[in-house]
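See below for the structure under consideration.
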Amino acid sequence: MSAKAISSKTAWWPRLIIAAFVFFALFIGNMVRQAMNSDVNLVSKDYYQQELAYQQHMNQVKATQALEAQVLLTHAQAAEQFSIVFPAGVKAAEVKGQVNFFRPSDAKQDFTLDLALNEDGQQHIRTAALAKGLWRVQLNWKQAGKDYYLQKDITLQ
């Protein structure tokens with residue numbers, strides 16, 4: 001047998017190994033390209049500043065829990081309405097704050113409203129135009145010189 005005849009019989013496996021490496025490199029390159037093109041939504045754009053203010057936030061939560069009568073955050077699915085109800089005796093003019101609708105899956109849908117209570121100490125917000133899914137409603141308010149914070153997760157269907 002000549003050397004030429006032997007090399008032609010064994011020449012397929014080096015090509016197979018090289019092809020496997022090439023396909024693996026193409027696969028990894030494609031995965032990197034897809035990862036670089038995917039949209040990454042952070043929880044918040046200013047997460048570092050929010051982390052620094054964490055102790056103040058914890059004080060607000062503790063003050064909210066110490067209230068004698070709690071503020072109610074309710075969602076009526078059938079009426080497509082979210083309600084904020086302050087306890088009786090709270091004067092609406094003394095309460096200033098904001099309602100933040102936070103969408104964990106898409107930061108572009110987040111929005112903030114000013115707290116505008118009616119004479120009964122309530123505010124009703126329509127949810128019909130909001131996207132279906134999980135929303136985190138965060139209520140920050142100031143009353144009698146003290147800051148308060150309340151949060152509730154709602155799922156729109």
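No lab work stands behind these numbers, since they all come straight from the coordinates. Since the model is a prediction, treat every value here as computed from it, not as a measurement. Note that each Cβ is placed from the backbone with ideal geometry, even for glycine, and that neighbours are counted across all protein chains shown.
List of remarks:
- Comparing A63, A88, A25 in a Gaussian network model of the chain, where Cα atoms under 10 Å apart are tied by springs, the biggest mean-square fluctuation is seen for A25.
- Trypsin sites (Lys or Arg not before Pro) lying in DSSP loop within the stretch 73-157, provided at most 15 other Cβ fall within 10 Å: K91, K132
- Applying 1/(1 + (r/R0)^6) with r as the Cβ-Cβ distance of D120 and D147 and R0 = 25 angstrom yields a FRET efficiency of 0.60.
- Segment F23-N100, extension gain: residue separation times 0.36 nm, minus the distance between their alpha carbons: 22.9 nm
- Selected from A144, A116, A128 as most flexible by GNM, with the chain as the system and alpha-carbon contacts under 10 Å: A144
- The lysine pair tally for the chain, using Cα distances under 12 Å and a gap of 8 or more places or different chains, is 4.
- Along the chain, longest interval not containing exposed GluC sites (Glu not before Pro), exposed being DSSP loop plus at most 10 other Cβ atoms within 10 Å: 1-67
- Cα gyration tensor category, rounded, prolate or oblate, for the stretch 47-156 with a/c compared to 1.5: oblate
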